[in-house]
1. Under 1.5 on a/c is rounded, so check that first for region 27-68, then, if it is not, pick prolate when a/b is larger than b/c and oblate when it is not; a ≥ b ≥ c are the square roots of the alpha carbon gyration tensor eigenvalues.
2. List the GluC sites (Glu not before Pro) in region 188-265 that DSSP assigns to loop (not H, G, I, E or B) and whose Cβ has at most 16 other Cβ atoms within 10 Å. Which are they?
3. Could you tally the net charge around Val229, taking each other residue with its Cβ under 11 Å from the Cβ of Val229, Lys/Arg +1 and Asp/Glu -1?
4. Looking at Asn127, Thr68, Ile266, which one has the Cα that reaches farthest to the positive end of the dipole of the chain (charges on Cβ: Lys, Arg +1; Asp, Glu -1)?
5. Please report, in cubic angstrom per residue, the volume enclosed by the convex hull of the alpha-carbon atoms of the chain.
6. Quick one: grab the alpha carbon gyration tensor of region 138-285, order the square roots of its eigenvalues as a ≥ b ≥ c, and give me rounded if a/c is under 1.5, else prolate or oblate depending on whether a/b is larger than b/c.
7. Over the chain, calculate the relative contact order: mean separation of alpha carbon pairs under 8 Å at least 6 apart, over the residue count, as a percent.
8. Rounded, prolate or oblate: pick one for region 241-287, where a ≥ b ≥ c are the square roots of the eigenvalues of its C-alpha gyration tensor, a/c under 1.5 means rounded, and failing that, prolate if a/b is larger than b/c, else oblate.
Amino acid sequence: MMRIGMLTSGGDCQALNAAMRGVVKTLHHSGEEVEIFGFHAGYKGLINSDFRMLTNRDFSGILTKGGTILGSSRTPFKLINEPDEKGNNKVEAMKHTYHKLNLDCLVVLGGNGSHKTANLLRQEGLNIVTLPKTIDNDLWGTDMTFGFQSAVDVATHVIDCIHTTADSHGRVFVVEVMGHKTGWLTLNAGMASGADIILIPEIPYKIDKIVSAIKARADSGSGFTILAVAEGAISEEDATLSKKDYKKKVEKSPYPSVSYEVAAAIEEKTGMEVRVTVPGHMQRGGTPCPYDRVFASRLGSEAGKLILKREYGFMVGYRNREIVKVPLEEVAGKLKTVDPNATIVKEAKMMGISFGD
């Protein structure tokens, strides 16, 4: 009998349940006897040996359910070698739980930090298979992560709704989109919703360029402008600062986020009325879109196949429209960012979208 552990780590997103369902259904339909141990609250559950046995019934009816039936939490990789609140060595505690349950494999669904820890556990001798989840789409080794398309749909809908009120009142609207340190979500949602200006971390902006783009629209008869601003967007001036100095500046800033800073600068330089909308965590919530349901199910199924073949130490990824297995050591610690010279960026600029550069 195979004994499989499973956990969801880091921020939640849509289609986590669909991915787990794909793994379990594939294992059970293989004809091999399998026991599934679900760890509560991510790596914390593995550390504290907090788990429950899962049956087929647990995976019934969850394809369309957002969030995660196992719960999740953040266990920062930079603190992984520090004792937890009980004084336990986290890595040794996780290894102890794995071996105590006599697991054949641990399935980890997570983003960048989760994959660093997964790779560390692989190096410690544990059998690991991972699945790429994050609305940020910033995991190295895969063209797409599940949760991303659902978040694009939510962010796009928000900006779509903003269009009508922006047009009615002739205002400038700044919509702050999530995405952590990368601009994938903002770029796609901005283009899908017809945003006039898109600001992403990979292309530092100049406020005067933004103002020029807004004034050009006003001069052409457009009474409103919509900016899709990534939460990690940064000005050219700030981009020259060291990480330490930039962190100090942010801590002293009177603005809650970059969107408010951009909005204040626009108001000061143009005299126009500017409003800021921050949809926040609703981008991670709700039911997964049909694309993510299918995509996560496929990834989960392929993970199940790797487990049945006893092929461990891989992330199941997606490259060039094909499901692939990617060695964990190639994924851990690497960030997939938007190339400022990417075709999609050039095409957006050809259509008149400003990136503030």
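We did not get these values from a lab; they are worked out from the coordinates using the rules stated. Everything quoted here is computed from the prediction, not taken from an experiment. With ideal geometry, Cβ positions are generated from the backbone for all residues, glycine too; neighbour counts draw on all protein chains shown.
1. oblate
2. The qualifying sites: there are none.
3. Charge balance near Val229 sits at -3.
4. About the Cα centre, the residue reaching furthest to the positive side is Asn127.
5. That works out to 136 Å³ per residue.
6. Oblate.
7. Computed value for the chain: 24 percent relative contact order.
8. oblate
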